[in-house]
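> This is the structure, below, for whatever I ask next.
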């Protein structure tokens with residue numbers, strides 16, 4: 001983390017240095033000595049945003065906590081190496097990363113907002129919404145071992161709402177999991193994050209899987225192909241099980257394909273019934289998102305929590 005912050009600190013020094021050079025060059029330009037000032041690609045970002053902590057270090061991206069200097073709004077900076085960007089989409093004659101293309105079309109209270117993005121040298125930088133006080137759902141569950149059904153229901157309903165909205169926008173998230181759900185501790189809102197594994201939603205079979213393996217549907221392991229909607233329902237089922245039981249039900253490929261679903265905690269028959277249908281090994285027998293929204297467990301007490 002120190003190394004990464006030092007990187008930004010060095011760039012911050014460049015900002016100050018370049019600002020002085022820029023002023024000098026303006027004077028020189030007036031005197032006919034220089035007309036093309038040097039530009040540092042990260043200058044503008046560091047002038048606009050104060051970067052102060054590394055939130056997450058991944059294989060293809062680093063995420064930093066930051067604050068917008070103009071108004072103090074908290075944000076996150078996601079820095080992605082261009083060489084590790086998975087795919088691109090053509091828009092208005094330009095190739096843009098699929099993650100950006102998908103995310104910028106989404107504006108929903110239960111989805112982390114993409115505020116803006118930049119190309120900077122060999123990286124793409126995404127400026128993302130960041131709640132002032134937050135925790136990801138993985139850590140939220142870990143602090144309590146498991147969640148009560150009332151709390152789990154409230155979170156699950158919000159993730160469902162985000163998923164329905166994504167479908168309306170033809171976005172297939174493809175990596176719904178506890179680490180990609182951000183809890184705003186001030187408002188209680190759950191927000192779906194990280195569209196780095198996402199792709200455009202269609203009705204044909206997919207032959208590539210970019211999500212987390214413990215959330216992967218069995219049909220992928222069996223046939224190396226899957227449909228988006230049943231796969232999404234499976235991952236939502238894993239997420240719900242994780243919340244009410246404190247861990248995922250299957251640990252590896254063999255268990256995902258073969259192990260019978262069991263319940264490690266004493267939970268209601270309603271949620272057991274819902275989980276059993278969502279985590280059916282046969283994708284054709286899984287419920288739709290609409291079915292899940294209309295299930296007795298999902299609807300119970302949702303206005304009284």
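Any read-out appearing in this document is the output of simple, stated calculations on the displayed coordinates, not a laboratory observation. Please read all numbers here as calculations on a predicted model, not as lab measurements. With ideal geometry, Cβ positions are generated from the backbone for all residues, glycine too; neighbour counts draw on all protein chains shown.
> If we count other beta carbons within 10 Å of each Cβ, what is the order of 257, 78, 186, fewest first? Intermediate values should be presented prior to the final figure.
Working: 257 14, 78 25, 186 10.
In order of increasing Cβ crowding within 10 Å: 186, 257, 78.
> Treating only the Cα positions of region 35-129 as identical point scatterers, give the base-10 log of I(q)/I(0) from the Debye formula at each q in 0.18 Å⁻¹.
Values returned for q = 0.18 Å⁻¹ are -0.91.
> Here's something else I'd like to know. So for 163, 44, 298, fewest C-beta neighbours within 10 Å to most, what's the order? Kindly include the intermediate steps, with their values, before the conclusion.
Values: 163 25, 44 13, 298 18.
Fewest to most other Cβ atoms nearby, the residues stand as 44, 298, 163.
> Turning to a different aspect of this structure: What does the extension gain come out to for residue 301 and residue 225, with contour length at 0.36 nm per residue minus their alpha carbon separation?
23.6 nm is the gain from fully extending residue 301 to residue 225.
> Express in nm, to one decimal, how much length is gained between residue 60 and residue 289 on full extension, taking 0.36 nm for each residue of separation and deducting their alpha carbon distance. If you can, show how the numbers build up before the last one.
Numbers: separation 229, 0.36 × 229 = 82.44 nm, distance 3.12 nm.
Between residue 60 and residue 289, full extension yields an extra 79.3 nm.
> Still on this structure, I have one more. With label points built 7 Å along Cα→Cβ from the Cα atoms of residue 185 and residue 116, find their separation and express it in nm.
3.0 nm
> Multiply the residue separation of residue 143 and residue 88 by 0.36 nm, subtract the distance between their alpha-carbon atoms, and state the gained length in nm to one decimal.
Stretched fully, the residue 143-residue 88 segment lengthens by 16.0 nm.
> Follow-up question, since we're still on this one. Give me the tail of P(r) for region 170-210 as a percent: Cα-Cα pairs with distance above 14 Å.
53 percent
> I've got another one for you. Using only C-alpha atoms and all pairs of different ones, pull out the Kirkwood radius for region 215-263 in Å with one decimal.
For region 215-263, the Kirkwood estimate is 11.1 Å.
> Give me 262, 288 ranked fewest to most by other Cβ atoms within 10 Å of their Cβ, as a rough exposure proxy. Intermediate results must be reported in sequence, preceding the final value.
On the way: 262 7, 288 12.
Fewest-to-most Cβ neighbours within 10 Å comes out as 262, 288.
> What per residue convex hull volume, in Å³, comes out for region 161-240 when only alpha-carbon positions are used?
88 Å³
> Hey, another quick one. Region 134-294: percent of C-alpha pairs farther apart than 29 Å?
On the way: 1402 of 12880 pairs.
Cα-Cα pairs in region 134-294 separated by more than 29 Å: 11 percent.
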